[in-house]
1. Any residue in region 191-211 that's within 21 Å of GLY174 (Cα to Cα): show its pairings with residues that are of a type in the set (A, V, I, L, M, F, W, C) and open to solvent by 70 Å² or more (accessible area, probe 1.4 Å) at Cβ separation under 8 Å, as long as the two are six or more apart or on different chains.
2. Please state which one of SER104, SER92 is modelled with pLDDT under 95, out of contact with any Leu (no Cβ under 9 Å at 6 or more places or on another chain) and not basic (Lys, Arg).
3. Quick one: count up the residues across region 168-201 that are open to solvent by 90 Å² or more (accessible area, probe 1.4 Å) and within 21 Å of the chain's Cα centre (by Cα).
4. Out of curiosity, is ILE88 touching a residue at least 12 places away in the same chain (Cβ under 8 Å) and under 16 Å from the mean Cα position of the chain (by Cα)?
5. For residues in region 3-41 being closer than 18 Å to HIS99 by Cα and open to solvent by 40 Å² or more (accessible area, probe 1.4 Å), which is modelled with the lowest pLDDT?
6. Go through region 72-89 and count every residue that is acidic (Asp, Glu) and either at pLDDT below 95 or within 19 Å of ASP55 (Cβ to Cβ) (or both).
7. If we keep just the residues of region 143-163 that are closer than 16 Å to SER128 by Cβ and of a type in the set (D, E, K, R), which is surrounded by the most Cβ atoms within 10 Å (Cβ to Cβ)?
8. Can you name every residue in region 194-210 that is within 19 Å of VAL24 (Cβ to Cβ) and of a type outside the set (Phe, Trp, Tyr)?
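The values are calculated or read from the model by the stated rules, or taken from the named source; none is laboratory data. This one's a predicted model, so the numbers in the text were calculated from it and none came from an experiment. All Cβ positions, glycine included, derive from the backbone under ideal geometry; neighbour counts span all protein chains shown. To get the accessible areas, we keep the full protein, side chains included, count just its heavy atoms, and leave off ligands, DNA and RNA. Shrake-Rupley method; radii C 1.70, N 1.55, O 1.52, S 1.80 Å.
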Amino acid sequence: DYELIRALRDTIGRHSNAFPSRLVQDVEWFVEKYAKVIAVELREASLPDLLAYVDSEEATLCIDAAYTLGRRPMPSEDARLDVVKRLIARLSGTRGNVHEQFLSALKEIAHPESLGVFLSVLENPAESGRSKVYALNGLGRIGDLEAVRPIMRYLENHDSLYRDSASWSLQMLGRIAQQSAPILFGEIRQTYLRCLLAETDDSHGRYAQGN
C-alpha cells in the first residue's frame, strides 16, 4: 500500500514505547524503496490526456500521469495494452524519477508485454535500485516462469540492492511453479535454502532473510 507508506514518512521522527526504533527502521526502509517521490493522481484527466502527458517535457506532469495510469482501471484489454505500449515506447527516453515512475506504472498494470522490459532492467547495471525493485515486483505479478532464473541470480548476488523484493517475486512465481513445474519448484526451494544460509548481515541481507 504505497499511500500508507507515503503517509508513514511523517512518523519517522517519532520514538516511544508504542513506536519502537525497529519500526522506525522498517519505515525508513520502505520509504526509501517506494516513497521518495510524491506523485499526484490526476483524477479528472481523460485517458487520451494522460497518454499525451507522458510525452511532456515537464517531469512532474510525466510522473503524475504515469502514476495515474498505474492506478486507473482500463476500459478494455485493448486500452490496457495501448497504455503499456505507450509507456514502454517512452521509457528509453526517460531517466531519474520519471524513469522510475514509468516502471512503477508498468508494474502496477502488470501486462505480459512488459516482461522483456523488466528482465532487461534487472540485467542492466546502470538501472537504479528502485527501478530494479519495480521490475522485480512486476515480474512477480505477471507470473511468467521465464523470470525465475534471472530473479534467482539476482537474489543470490550480494551486490544486488533490495534483494527482499527478489525474494517476494520468487515466492509469487514459486506458487505457480509448485502447480505446473515441479523441477523448477525444487530449484526455487534450493535457492531459498542457499540464500538463507549465505545472506549478508547488512540491511539488504537482513530484509532478504526476513522475506
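1. GLN209/LEU196; ASN211/TRP168
2. On inspection, the qualifying residue turns out to be SER92.
3. Qualifying residue count, region 168-201: 1.
4. The answer is yes for ILE88.
5. LYS36
6. 1
7. Applying the filter and picking the extreme gives ARG163.
8. Selection gives ASP202, SER203, HIS204, ARG206, GLY210.
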